[in-house]
Amino acid sequence: MAAALRLEAVDPRRNAPLAFLTGLVGAALVFGAVQLANDPGLFLQTFMKSMGLGSTYALIALGFVLIFKATQTVNFAQGALAATGALFLSFLATDGNIPFTSVSNPINSLGGPGWMSWGLNVIVALAFAAAVGLVVERLAIRPMIGEPLFSVAVITLGLEIMFRVFNNDAVEVEFRPLGVPWLANGFKVGDRLINWSFIAAMVTAAAAFVAVYFFYRSRLGIAMRAVAFDQEAAMAQGVSVGRVFAIAWAAGAVLAAVGGIFATQPPVAQTLSVDQETANIAFRALPAVILGGLDSASGALLGGLIVGVAEIYAGQYAAGNVSWLGAGYPLIVPYIVMIIGLLIRPYGLFGTPEIRRV
Amino acid sequence: MLTVANLEVVYNEVILVLRGLSVEVPDGSIVALLGANGAGKTTAVRAITGLLDVHEGDITKGSVTWNGTDISHYKPSRIVEAGITQVMEGRRVFAELTVDENLSAGAFTVRDRKENTEAYERVMTLFPLLQSRRRDTAGYLSGGEQQMLAIGRALMAAPQLLILDEPSLGLAPMLIEQIRDIIVDINAGGVSVLLIEQNAMMALSIAHYGYVMESGKVVMDGEPKKLLADEDVQEFYLGLRAEGERRSFRDVKHYKRRKRWLS
């Protein structure tokens with residue numbers, strides 16, 4: 001007990017995130033101030049871009065967190081689920097058919113403005129994604145309750161490969177447009193273009209986080225947190241663990257699909273289409289999840305934004321000045337940020353430290 | 001009425017823990033189930049509440065009957081819906097959730113809003129202490145408060161039978177008395193209570209009937225008066241012996257005494 005108290009008094013981990021953040025934010029502020037004075041338009045554009053990317057990462061990360069918190073499983077299939085959701089949208093909106101049939105999609109003949117039927121298509125595609133999540137949970141995850149978590153993680157990896165094969169088969173080598181109404185358009189600040197997709201990603205991420213905040217305080221959300229904390233005690237209260245798992249997977253798959261839709265738009269990609277690259281969004285967002293802490297929703301948001309800022313700013317400002325880094329290096333910046341973060345806080349910024357006696 | 005008849009439970013398909021346990025809890029009464037460590041008390045609770053699966057346990061013989069229906073293969077959630085809730089051993093409150101959230105987790109099976117608020121009011125009148133700590137994280141409550149929260153959580157589903165697994169565990173004598181009075185209060189409200197205890201004095205002081213368990217079955221049962229008067233119960237559970245008598249531990253001969261029970 002005495003040892004524990006002493007440890008707590010000098011515990012460097014309590015101040016580490018603060019120091020880490022202060023250092024990062026301080027350096028960024030100085031650098032940012034210089035750049036802001038230099039070219040305000042470019043700076044603003046870069047900022048909005050980084051927030052757009054960060055929001056996309058945060059959406060994907062939130063999906064990871066929801067599933068991990070409820071089921072203690074890192075869902076490696078998140079990327080393929082993202083691509084699957086986007087693919088459904090492409091089927092509905094661009095092909096104009098109900099997926100896997102030749103029946104034409106009634107939503108497209110509703111009339112009204114284009115963005116309205118597109119929005120309805122998005123909702124239907126997300127419902128499909130939720131259904132896929134439910135089926136995956138029921139067939140592949142539920143039977144594994146109580147089995148080693150490593151086996152479950154490997155199963156999700158297998159699912160990722162399976163879904164990728166299926167998706168790539170449907171995509172082939174083409175690009176499948178999603179019919180995004182704002183295309184790559186935007187508004188101009190000075191002579192710098194700020195894409196509507198940045199704003200859309202931010203608004204969506206904000207809405208998703210508010211929804212999760214309220215969900216966690218609802219009857220089902222409390223049950224989910226109870227299951228996360230102590231599965232057996234939750235069962236003793238009459239909570240159906242299977243239902244909690246199912247809801248977590250459905251919500252995780254929906255968030256993945258939303259992230260997948262944004263993964264086809266600037267700043268993540270320029271094609272506005274699903275292609276074989278789309279599924280990689282989950283691996284690009286993984287540093288955000290790990291940095292924020294696998295079991296914390298606020299960690300997912302902060303992690304996503306930090307990683308997004310680091311990646312975009314590094315790409316924007318360092319690429320021209322440090323030529324030997326090469327053109328693709330912004331992609332590894334998230335991993336560098338993650339490694340630094342993990343060195344300081346091994347369980348992520350907001351993650352629950354796992355206390356284990358060795 | 002809860003009837004446990006000839007219950008046999010096996011863990012991992014090899015470890016026989018309950019060997020023909022029979023216990024009855026009549027409506028409206030407090031029944032005490034006593035036993036030393038490893039007697040199978042907690043296993044009995046798990047068997048009744050459907051939590052054996054989590055521990056790779058199986059009921060191989062016998063039955064658990066609740067108001068005439070066999071519930072031995074019900075899921076835990078269905079058993080809670082049927083009106084049996086439990087306070088688990090070691091409290092097991094959700095430490096990361098607030099007091100209010102713990103209580104609403106306990107009310108998961110109650111969908112009716114009105115019933116929910118009624119149950120909440122009942123718990124709050126029973127435990128005024130929780131009222132002032134409603135928004136606090138449950139992990140920061142003291143042991144006694146956590147025990148009260150655990151009992152309150154179990155009451156949120158408005159049970160007809162409340163099973164308490166060692167509610168006195170790790171609490172100060174004064175708190176144990178408080179918990180005891182609360183159990184009497186709950187019972188006065190029409191809830192039957194199955195009280196699993198090692199603290200025989202506390203349990204038998206309020207129970208209407210008592211069972212003593214050893215090695216997975218009941219070795220003695222009867223009115224509390226009869227049990228309290230029993231020489232073996234006195235020695236093994238109450239630590240009493242004839243006054244002024246000096247005795248070496250060599251003379252205690254546990255095994256002989258136990259043998260009498262098991263034969």
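The values are calculated or read from the model by the stated rules, or taken from the named source; none is laboratory data. Everything numeric here is computed off the predicted structure, so don't read it as measured data. Virtual Cβ from ideal backbone geometry, glycine too; neighbours counted across all protein chains shown. With ligands, DNA and RNA removed, areas are computed over all heavy atoms of the protein, side chains included. Shrake-Rupley method; radii C 1.70, N 1.55, O 1.52, S 1.80 Å.
A compact table of results
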{"item": "Which listed residue is within 14 Å of chain A (Cβ to nearest Cβ), closer than 30 Å to B:MET201 by Cα, in contact (Cβ under 8 Å) with a residue 60 or more places away in the chain and open to solvent by less than 10 Å² (accessible area, probe 1.4 Å), from B:LEU164, B:LEU149, B:LEU155", "result": "B:LEU164"}
{"item": "Flag for B:ARG111 being open to solvent by 10 Å² or more (accessible area, probe 1.4 Å), of a type in the set (Lys, Arg) and under 27 Å from B:LEU204 (Cα atoms)", "result": "no"}
{"item": "Residue match in segment B:234-257 (condition: at pLDDT 90 or above, of a type in the set (Phe, Trp, Tyr) and open to solvent by 50 Å² or more (accessible area, probe 1.4 Å))", "result": "no"}
{"item": "Only one of A:VAL212, A:VAL239, A:VAL258, A:VAL227 that is more than 14 Å from the chain's Cα centre (by Cα) and either part of a helix (DSSP H, G or I) or more than 10 Å from chain B (Cβ to nearest Cβ) (or both)", "result": "A:VAL227"}
{"item": "Identity of the residue in segment A:256-307, touching a Lys or Arg at 6+ places or on another chain (Cβ under 8 Å) and among the acidic types (Asp, Glu), that ends up surrounded by the most Cβ atoms within 10 Å (Cβ to Cβ)", "result": "A:ASP295"}
{"item": "Positions within segment B:153-182 being aliphatic (A, V, I, L, M), under 16 Å from the mean Cα position of the chain (by Cα) and in a helix (DSSP H, G or I), in sequence order", "result": "B:ALA154, B:LEU155, B:ILE176, B:ILE179, B:ILE182"}
{"item": "Meets criteria (in contact with a Leu (Cβ under 8 Å, 6 or more places away or on another chain), of a type in the set (A, V, I, L, M) and in a loop (DSSP other than H, G, I, E, B)) for A:VAL124", "result": "no"}
{"item": "Residue in segment B:194-209 that is assigned to a helix (DSSP H, G or I), within 13 Å of the chain's Cα centre (by Cα), of a type in the set (A, V, I, L, M, F, W, C) and under 13 Å from B:ILE151 (Cβ atoms) present", "result": "no"}
{"item": "Filtered residue count, segment B:1-16, keeping only those that are surrounded by 15 or more Cβ atoms within 10 Å (Cβ to Cβ) and part of a loop (DSSP other than H, G, I, E, B)", "result": "1"}
{"item": "Residue check for A:ILE247: within 14 Å of chain B (Cβ to nearest Cβ), under 18 Å from the mean Cα position of the chain (by Cα) and either among the polar types (S, T, N, Q) or not in a loop (DSSP other than H, G, I, E, B) (or both)", "result": "yes"}
